[in-house]
Amino acid sequence: MKIYKRKGSPNWYLRQGDTLISLKTTRKAHALQLLEEYLAKRLGIYRIPHKKVSAFFEAYIAHCGKYNMASTMEDKERTLGYFKEQAGDPWLREINTKTIQGYLNSRVSYWSKAEISTERFNSERQILNNFFNYLIREKVFKENPVTAIQKKKIVRNKKPKSLSRVDEAT
């Protein structure tokens, strides 16, 4: 497999046997880099691209749109938007468990300005987990930084609150 430039065309191509695949670049150095990345992906070697996290949101949302309801999609978009806003749209190379944990711990409710509930924490953790699993399937990321973060335990009261108030009054 090598790069090839056709006569009369400014673009570089990837030649595999008789097949030509356009690399959509006129720069030889960039074409060589694309060839190296293509070969690395075929061998299962991961290279984290020099891109911001938000560059992958749109593709992820489009992928999830096939399988999820509209309300779930809105929740995913909202959570990814908050992550981009609060984490400062980090580069992929900068993301680690500490970054994700810091984001989840710093989350406050939009309306009440109080810490988010345990259910919401777990929900946002799951959305970020699914997003990074998607990046792993696309061979953009090697390991998921969210897996090291534990879900919070949801504590439910055994007695309904209304009954406990009646018991105290008698």
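Here Glu36 meets each of (1) touching a Lys or Arg at 6+ places or on another chain (Cβ under 8 Å); (2) part of a helix (DSSP H, G or I); (3) open to solvent by 80 Å² or more (accessible area, probe 1.4 Å) with one exception, condition (1). Looking across Lys152, Lys142, one residue alone is closer than 14 Å to Ile95 by Cβ, modelled with pLDDT under 90 and either open to solvent by 60 Å² or more (accessible area, probe 1.4 Å) or part of a helix (DSSP H, G or I) (or both). It is Lys142.
Every residue in the stretch 109-121 that is out of contact with any Leu (no Cβ under 8 Å at 6 or more places or on another chain) and either crowded, with 18+ Cβ neighbours inside 10 Å or closer than 14 Å to Arg78 by Cβ (or both), please. Correct list: Ser109, Tyr110, Trp111, Ile116, Arg120. Look at (1) part of a helix (DSSP H, G or I); (2) open to solvent by less than 30 Å² (accessible area, probe 1.4 Å); (3) of a type in the set (A, V, I, L, M); (4) within 30 Å of Arg42 (Cβ to Cβ) and you find that Met73 fails only one, number (4).
For Arg125, state whether it is open to solvent by 40 Å² or more (accessible area, probe 1.4 Å) and part of a helix (DSSP H, G or I).
So Arg125 does not fit the description; no.
The values are calculated or read from the model by the stated rules, or taken from the named source; none is laboratory data. Not measured: the values here are computed from a predicted model. Because the Cβ atoms are built from the backbone with ideal geometry, glycine has one as well, and the counts that use them run over all protein chains shown. Each accessible area value is taken on the protein alone, full model and side chains, heavy atoms only, with ligands, DNA and RNA left out. Shrake-Rupley method; radii C 1.70, N 1.55, O 1.52, S 1.80 Å.
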